[in-house]
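Trainee: Dumping the structure here so I can ask a few things about it.
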Amino acid sequence: MSANSCLKIMSELNPHFDLIVSQLLAQMSLEEKIGQMSQLAGHEGWIPEHLIHALQAGKVGSVLNEVDLRTVNELQRIAVEESRLGIPLLIGRDVIHGFKTIFPIPLGQAASWSEEVVEQGARVSALESSTCGVNWTFAPMIDISRDPRWGRIAESLGEDPYLCSTLGVAMVKGFQGKNLKDTGSIAACAKHFAGYGASESGRDYNTANIPENELRNVYLPPFKAAADAGVATFMASFSDLNGVPASGNEWLMKEVLREEWNYPGFVVSDWDSIRQLTVHGFTANDKEAAFEAANAGIDMEMVSSTYHDHLQALVAEGKIDIEQIDFMVGRILTLKYDLGLFDNPYTDPSSLPKVLADENIAAAKQAALKSCVLLKNSNNVLPISTNAVNSLAVIGPLANDGYEQLGTWIFDGEAQHSQTCLQAIKDFVGDDVEVKYAKALKNTRSDDQDAFEHAIAMAKSSDVALMFLGEESILSGEAHCRSTIDLPGSQEQLIEAIAETGTPIVLVVMAGRPLTLTNIVDKVDSILYAWHPGTMGGPAIADLIFGVKSPSGKLPVTFPRTVGQIPLYYAQKHTGKPATNDSFVHMNDIPERAAQTSLGMAATHLDTHFSPLFSFGYGLSYSKFEYSNITLSKNNIAIGDTLTISVQLTNTGDYDSDEIAQLYIRDLVGSVTRPVKELKGFQRIHLTAGETKTIHFELSSDDLAFYDRKMQLNAEPGQFHLWLGGSSEASLRTEFNLIDAK
Ligand code: BGC
């Protein structure tokens, strides 16, 4: 596509584009245009001389990581008043799960399966960060993540394209509000385009090899959904996708994003990722890197200066078309216009609600409440009735650590605002119950067991041991990957020691990823998985422990039994030799010198069961739910039709609670093999004890479409299975056919 036709498409897609292009672009020198394409790092509270000069010369389009309000307003003033054309700045910041009020990590928010929770979290983040002049954030991260070794799984919305798309769109809406011009709306950024979550061996920044068909069916849908929802920007991934690093990937950026999707927003590189094209061995030097990135259509360069240093020469040499540059700059200016920055680039925090306002704190508590997943609850040890216990032993390094409960990517969150579990438990029980506390381990990685004895003695003399274990924040997040994902340090030994006392154990896990809990799952009575729950983790967890609310979160990602099962996800292919319980044989049960073909010859490991420890979509409640009577509006639907599915959901337990009803399908025969189950819908439903509701889902033939062998998006006629239930292991099934009505 020529740059001219790009401009035409742009002006059709965005009515402001023409105005910007004709009035401003016409006045800009090439140097000023390249300036708009450059994003520089801030210096946290001061402006160095070189930055002042660059701003005055119109050589900066955006500054990231400056959140001191006075400095931000001064940056804007210099850009607007002291540069020739007075173009305001985009001020970028990673506001990933909260600014001052910290919400659960995104993976935790995904466990809420609630668009409302996720949208509200982003809304609060936008309002709070706006008070410091931030007008652009680098979220949502919508990389499909199927490898819990990867530290950035914490920042993701899980393993499933449908869940990730739905919640990613909710996050975009929360950040951007109804109109980007509104005070308190900030531009969002869909990242990291694309395939970053498939980094080999879960090592951050590693190569991603994803066949195009899988890329289109699994990894790209959340980005397409974000683009359709109007996300203002995209960020290119650091990683090499099938041999071509994303930051120079013309196919991905031009063919897919622009030509197929008609995406009108702009693309920013990741930090230094254009310069790194040379480190990848994809280009020989910075100039080639600038060429490849600009040619692919990376509109803005984050931090490195290859555009600044080489784009002028590349244009002069005729390698990069000036129309292409206009197009890129036009997209950046359009966002500035859409944000209202040309009308007023300054921030007056008095026009915004205060950070950490009561309603923000309340929203963070709601999010934490809905994010916790109850994985196990033997003998109904939870909820604890304060009438039934005299003393509680609170044990573990995460029980009273306001910092660690916040999780990764909290540039602006502060531990002093956190409410910890120990404090919340004490507040909840008051004088009625004695609460004893032992940290037992210095931190989650510690192997020093000297303090175990005290914890054991405490547990012995208590009615219930509440253990707060997991991972500190720094063990997940960018560049914080692990090769084993057990509870680190001596935490498993601590659990064993406490288990020997015979006191019932409630284990609360705070972690940035699914951990392998196989070694300890049988040693504890209850497990509440709290992720890193944020500022209000303590009160939310206390409410769940004492039954003020029932847990209602469900897993957004599969929990493997052992790291060797990875990648393990529910939407796997059936294979030609699927594993079954009948065929499964553990290696300890194989007779010596058994014949090679003596086993089931199925897709499984010899040393662990093929199933996960906890499945995608799984999560217990204090109540019980029954699904019955699935009915379909018809058994055969034609292409273009919509099916209505109804099911009765009954709360058969004794607690009022939310349930997350999940709809899965299986396309039995496909021109490309189809997953054994695919999530196609979910609803968070509140039911009082004993209540029954009939709930309805709609499924159109478009929802059945997938990319075929020719990379065409089509729904293929044939038979489908459909399940409704409370996890990916739902067993209530019906069937329908998609018919070719031609
Ligand atoms: C991360 C991005 C982030 C950027 C700016 C990079 O290292 O990969 O996700 O937005 O830094 O902080």
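The values are calculated or read from the model by the stated rules, or taken from the named source; none is laboratory data. Predicted model, so just to flag it, every value in this text is computed and none were measured. Neighbour counts are summed over all protein chains in view; Cβ atoms, including those assigned to glycine, are modelled from backbone coordinates with ideal geometry. SASA here: full protein model, heavy atoms, side chains in, ligands and nucleic acids out. Shrake-Rupley method; radii C 1.70, N 1.55, O 1.52, S 1.80 Å.
Trainee: Specify which of the listed residues (Gly564, Gly553) is open to solvent by less than 10 Å² (accessible area, probe 1.4 Å), among the small types (Gly, Ala, Ser) and at pLDDT 95 or above.
Mentor: Details: Gly564 fails: open to solvent by less than 10 Å² (accessible area, probe 1.4 Å).
So the residue among Gly564, Gly553 that is open to solvent by less than 10 Å² (accessible area, probe 1.4 Å), among the small types (Gly, Ala, Ser) and at pLDDT 95 or above is Gly553.
Trainee: Then there is this: Tell me the residue from Ala246, Ala290, Ala294 that is under 25 Å from Tyr569 (Cβ atoms), in contact with a helix residue (DSSP H, G or I) (Cβ under 8 Å, 6 or more places away or on another chain) and crowded, with 21+ Cβ neighbours inside 10 Å, please. Walk me through it before giving the result.
Mentor: Details: Ala290 fails: under 25 Å from Tyr569 (Cβ atoms); Ala294 fails: under 25 Å from Tyr569 (Cβ atoms).
Step by step, each of Ala246, Ala290, Ala294 is checked, and only Ala246 is under 25 Å from Tyr569 (Cβ atoms), in contact with a helix residue (DSSP H, G or I) (Cβ under 8 Å, 6 or more places away or on another chain) and crowded, with 21+ Cβ neighbours inside 10 Å.
Trainee: Then there is this: In the range 502-513, is there at least one residue being at positive phi, within 16 Å of the ligand (Cβ to nearest atom) and open to solvent by 40 Å² or more (accessible area, probe 1.4 Å)?
Mentor: Scanning the range 502-513, I find no residue that is at positive phi, within 16 Å of the ligand (Cβ to nearest atom) and open to solvent by 40 Å² or more (accessible area, probe 1.4 Å), so the answer is no.
Trainee: Evaluate the range 268-277: report whether one residue or more is within 15 Å of the ligand (Cβ to nearest atom) and under 20 Å from Pro221 (Cα atoms).
Mentor: Yes, there is a match, as at least one residue in the range 268-277 is within 15 Å of the ligand (Cβ to nearest atom) and under 20 Å from Pro221 (Cα atoms).
Trainee: List the residue pairs whose Cβ atoms are under 6 Å apart, where the first residue sits in the range 715-726 and is of a type in the set (S, T, N, Q), the second is open to solvent by 20 Å² or more (accessible area, probe 1.4 Å), and the two are 6 or more positions apart or on different chains.
Mentor: Here the result reads Gln719/Leu668; Gln719/Asn737, each pair linking the range 715-726 to a residue that is open to solvent by 20 Å² or more (accessible area, probe 1.4 Å).
Trainee: Has the range 139-154 got at least one residue that is hydroxyl-bearing (Ser, Thr, Tyr) and under 30 Å from Pro514 (Cβ atoms)?
Mentor: Yes, because at least one residue in the range 139-154 is hydroxyl-bearing (Ser, Thr, Tyr) and under 30 Å from Pro514 (Cβ atoms).
Trainee: A follow-up question, please. Could you tell me which residue of the range 205-239 is nearest to Trp251 (Cα to Cα), considering only residues that are open to solvent by 10 Å² or more (accessible area, probe 1.4 Å) and within 12 Å of the ligand (Cβ to nearest atom)?
Mentor: Phe238
Trainee: Also, I was wondering about something else. Restrict the check to the range 591-606 and report whether at least one residue is open to solvent by 50 Å² or more (accessible area, probe 1.4 Å), among the charged types (D, E, K, R) and at pLDDT below 95.
Mentor: yes
So that you can scan it fast, the table gives a plain yes or no per residue for (1) surrounded by 18 or more Cβ atoms within 10 Å (Cβ to Cβ); (2) away from the ligand (no atom under 16 Å from the Cβ); (3) over 34 Å from the mean Cα position of the chain (by Cα):
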| site | (1), (2), (3) |
| --- | --- |
| Gln56 | no, yes, yes |
| Glu66 | yes, no, no |
| Asn73 | no, yes, no |
| Glu82 | no, yes, yes |
| Ile87 | yes, yes, no |
| Leu90 | yes, no, no |
| Lys100 | yes, yes, no |
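Trainee: Can you tell me which residue within the range 277-287, out of those that are out of contact with any strand residue (DSSP E or B) (no Cβ under 7 Å at 6 or more places or on another chain) and hydrophobic (A, V, I, L, M, F, W, C), is most open to solvent (accessible area, probe 1.4 Å)?
Mentor: So the residue we want is Val279.
Trainee: Restricting to the range 354-381, name every residue that is over 19 Å from Val117 (Cβ atoms) and open to solvent by less than 60 Å² (accessible area, probe 1.4 Å).
Mentor: The answer is Val355, Leu375, Lys376, Asn377, Ser378, Val381.
Trainee: Have a look at Tyr307, Tyr337, Tyr346 and point out the one that is modelled with pLDDT under 95 and not small (Gly, Ala, Ser).
Mentor: Details: Tyr307 fails: modelled with pLDDT under 95; Tyr346 fails: modelled with pLDDT under 95.
Every option except Tyr337 fails the conditions.
Trainee: Please specify each residue of the range 659-709 satisfying the condition of being more than 17 Å from Trp113 (Cα to Cα), buried (at least 19 other Cβ atoms within 10 Å of the Cβ) and among the β-branched types (Val, Ile, Thr).
Mentor: The answer is Ile665, and nothing else.
Trainee: Conditions: (1) within 16 Å of the ligand (Cβ to nearest atom); (2) out of contact with any strand residue (DSSP E or B) (no Cβ under 8 Å at 6 or more places or on another chain); (3) of a type outside the set (A, V, I, L, M, F, W, C). Glu12 meets all but one. Number of the miss?
Mentor: It fails just one condition, (1).
Trainee: Suppose the filter is of a type in the set (Gly, Ala, Ser), within 18 Å of Met37 (Cα to Cα) and more than 16 Å from the ligand (Cβ to nearest atom); does Ala289 pass it?
Mentor: Yes; evaluated as a whole, the condition is true for this residue.
Trainee: Let me ask another. What do you reckon, is Lys336 away from the ligand (no atom under 16 Å from the Cβ) and open to solvent by less than 60 Å² (accessible area, probe 1.4 Å)?
Mentor: yes
Trainee: Scan the helices (runs of 4 or more DSSP H) fully inside the range 247-353 and keep the ones with 2 or more residues being within 26 Å of Val172 (Cβ to Cβ).
Mentor: Because the criterion is at least 2 residues that are within 26 Å of Val172 (Cβ to Cβ), the helices (runs of 4 or more DSSP H) in the range 247-353 that meet it are 286-296, 322-338.
Trainee: Right, another one. Can you tell me how many residues within the range 107-154 are under 19 Å from Met510 (Cβ atoms) and within 14 Å of the ligand (Cβ to nearest atom)? Break it down stepwise before answering.
Mentor: Here is the first cut: in the range 107-154, the residues under 19 Å from Met510 (Cβ atoms) are 107-112, 117, 121, 145, 148-154.
Narrowing further to those that are within 14 Å of the ligand (Cβ to nearest atom): 145, 150-154.
Final tally of qualifying residues: 6.
Trainee: Quick check on my filter: what residues within the range 155-204 are assigned to a helix (DSSP H, G or I), more than 14 Å from the ligand (Cβ to nearest atom) and either at positive phi or among the hydroxyl-bearing types (Ser, Thr, Tyr) (or both)?
Mentor: Tyr162, Ser165, Thr166, Ser201, Gly202
Trainee: From the list Leu406, Leu333, Leu375, exactly one residue is within 24 Å of Leu89 (Cα to Cα) and not small (Gly, Ala, Ser). Which is it?
Mentor: Every option except Leu333 fails the conditions.
Trainee: Still on this structure, I have one more. Does the range 263-276 contain any residue that is in contact with a Pro (Cβ under 9 Å, 6 or more places away or on another chain) and surrounded by 17 or more Cβ atoms within 10 Å (Cβ to Cβ)?
Mentor: Looking through the range 263-276, at least one residue is in contact with a Pro (Cβ under 9 Å, 6 or more places away or on another chain) and surrounded by 17 or more Cβ atoms within 10 Å (Cβ to Cβ).
Trainee: Please find, within the range 431-474, the residue that is farthest from the ligand (Cβ to nearest atom) out of those that are farther than 10 Å from Ile395 by Cβ and of a type in the set (Lys, Arg).
Mentor: Within the range 431-474, the match that is farthest from the ligand (Cβ to nearest atom) is Lys460.
Trainee: Quick one: count up the residues across the range 29-53 that are farther than 11 Å from Gly330 by Cα and surrounded by 14 or more Cβ atoms within 10 Å (Cβ to Cβ).
Mentor: 13
Trainee: Kindly indicate the residue of the range 475-488 that is within 17 Å of the chain's Cα centre (by Cα) and open to solvent by 20 Å² or more (accessible area, probe 1.4 Å) and also nearest to the ligand (Cβ to nearest atom) among those meeting that condition.
Mentor: Selected residue: Glu478.
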